[in-house]
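Accompanying notes for the structure given below.
Computed from the coordinates by the stated procedures, all read-outs in this text should not be read as laboratory data. Note that the coordinates shown come from a computational prediction; the quantities given were computed from them, not determined experimentally. With ideal geometry, Cβ positions are generated from the backbone for all residues, glycine too; neighbour counts draw on all protein chains shown.
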Amino acid sequence: MTGPKALLAIAALGVGIASAQANCKKATITVASAAEATIACKTVEGSIVFDASDDLSGNVIISGPETVKGDIIIKNATQINALSSSTIAKIGGKFELQGLERLSSIDFTALQEVGEIEWITLPGLESVRFGTKGVTTIEKVRISDTFLSDLTGLSMASVGTFQIDNNRNLQIWETLLTNITEKLIVADNHEELAASFPALTWAAGLDVRGVKSLSVPLLAYVNNSMQLTENNGMESFIAPNLTETGKDLSFRNNDILSNISFPLYTEAGGSLVIQNNQMLTNIDGFPELEKVSGAITMRGNFTEFDLPVLDDVRGAFDVSSTEDISKSCEPFEELQDDGKIQGSDFECSSDNENANEGGKGSDDDEDAAGLLGINTPIVLGIALLGGLFQLL
Ligand SMILES: *[C@@H]1O[C@H](CO)[C@@H](O)[C@H](O)[C@H]1NC(C)=O
Ligand SMILES: *[C@@H]1O[C@H](CO)[C@@H](O)[C@H](O)[C@H]1NC(C)=O
Ligand SMILES: *[C@@H]1O[C@H](CO)[C@@H](O)[C@H](O)[C@H]1NC(C)=O
Ligand SMILES: *[C@@H]1O[C@H](CO)[C@@H](O)[C@H](O)[C@H]1NC(C)=O
Ligand SMILES: *[C@@H]1O[C@H](CO)[C@@H](O)[C@H](O)[C@H]1NC(C)=O
Ligand SMILES: *[C@@H]1O[C@H](CO)[C@@H](O)[C@H](O)[C@H]1NC(C)=O
């Protein structure tokens, strides 16, 4: 384009930018149609909010802005099939998508930084591509109730709280993050979900439900509690490098779990709870456990248990089995006599039909907290640092 035409085009562009500049400072830019998703602002000072309208349909491309200082919110726009942007690099606030029934793909190839991701009830969502080769930072994430089947490729160094729940197709999730600084919550995804954290060394807390396998080969320290509950496809669990939990370690109601192994675990800062894992016949996976600052609760169908170097229990000792464990109980009776079990309640009982139920040091609090974490829209913190953030 040369001559007058180009001048006209430049003039038109100038007008476009000039008129949009006023908009760029608005608290909210409202988008009611796919055409309105082209926004002539390099920086949007406020938020971009889409109408819950059927006029928003097909492939919606957010084009123009590089930085959105506020949020991008799209709710109930049920006719959108695909959402993409090749210009947006930073979303300062929330990237919230909810109730977009037909949305099948999300593609944001320039994105480097997002305050918070909250994607809920996206039943058609099959593919997500996010990020650049640079540093992608995300502070908070929750992905719930989508159709995603694979979260491999989500690479990051550190997360705050990361909640992945009710993604019924999700079967594979591998992430290279090294630190979970608040909490990992995994629940009610595909029952065969294999969750793998090959680089994770430190976690504030883990609450994992309904997975087939959980791999944490380098995990050395859990600052708060680690809870594995109702992982009904899980046959075995090993934490080969875990030395300590700041609070509880618990395994409850895992139907087919038959082997628990913590070869380097020396100290539970809270309680050790192993309850109602009915296929677990021998509890011998704690060869180095010396100290339990809370209670020991082990209730189940096991015939043998052993904590060979245990030397200091601050809370109760409550061990009960449906089977005869009188031989295994003997050394602990001695420990109790030696004053090394400080809790006033000591029980080590055999042939108890109801061994899997009840129990002292019952974990009602823990349960409530766990379920609360899943069912309420709690604030989730994620700091997602590192290379390419790509969900596929
Ligand atoms: C979206 O739909 C849900 C359920 O129908 C409704 O509760 C909510 O108010 C709607 N939100 C908007 C922004 O339309
Ligand atoms: C992980 O993050 C927590 C909280 O910021 C910090 O205390 C801890 O040292 C970190 N661990 C590693 C291995 O970086
Ligand atoms: C680690 O645990 C200690 C003691 O409970 C607590 O004070 C601290 O805030 C925790 N840190 C993190 C990052 O969870
Ligand atoms: C196990 O954890 C320790 C820290 O406790 C770390 O120094 C070591 O490298 C880890 N081992 C492996 C194989 O990663
Ligand atoms: C339990 O798992 C550990 C670690 O994988 C393994 O060394 C051990 O042989 C297993 N025990 C049984 C009884 O399968
Ligand atoms: C565990 O013991 C209870 C009570 O005797 C019994 O009903 C249950 O079938 C046992 N579970 C297994 C897997 O053997």
Inset, instruction - Would you mind checking the stretch 93-118 for residues with the amide N under 15 Å from a putative spin-label position 7 Å along Cα→C-beta of residue 76? - result: 97-101
Inset, instruction - Evaluate the distance, in nm, between pseudo-label points positioned 7 Å from the Cα of residue 306 and of residue 349 along their respective Cα→Cβ axes. - result: 2.6
Legend entry - Pairs beyond 28 Å (Cα-Cα), from 26/90; 183/291; 90/212: 90/212
Legend entry - Relative contact order computed over the stretch 127-274 (Cα-Cα under 8 Å; 6+ residues apart), in percent: 15
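Quote to one decimal, in nm, the extra length available between residue 121 and residue 238 on full extension: 0.36 nm per residue of separation minus the C-alpha distance between them. Walk me through the numbers before you get to the answer.
Numbers: separation 117, 0.36 × 117 = 42.12 nm, distance 3.34 nm.
Net length gain for the segment: 38.8 nm.
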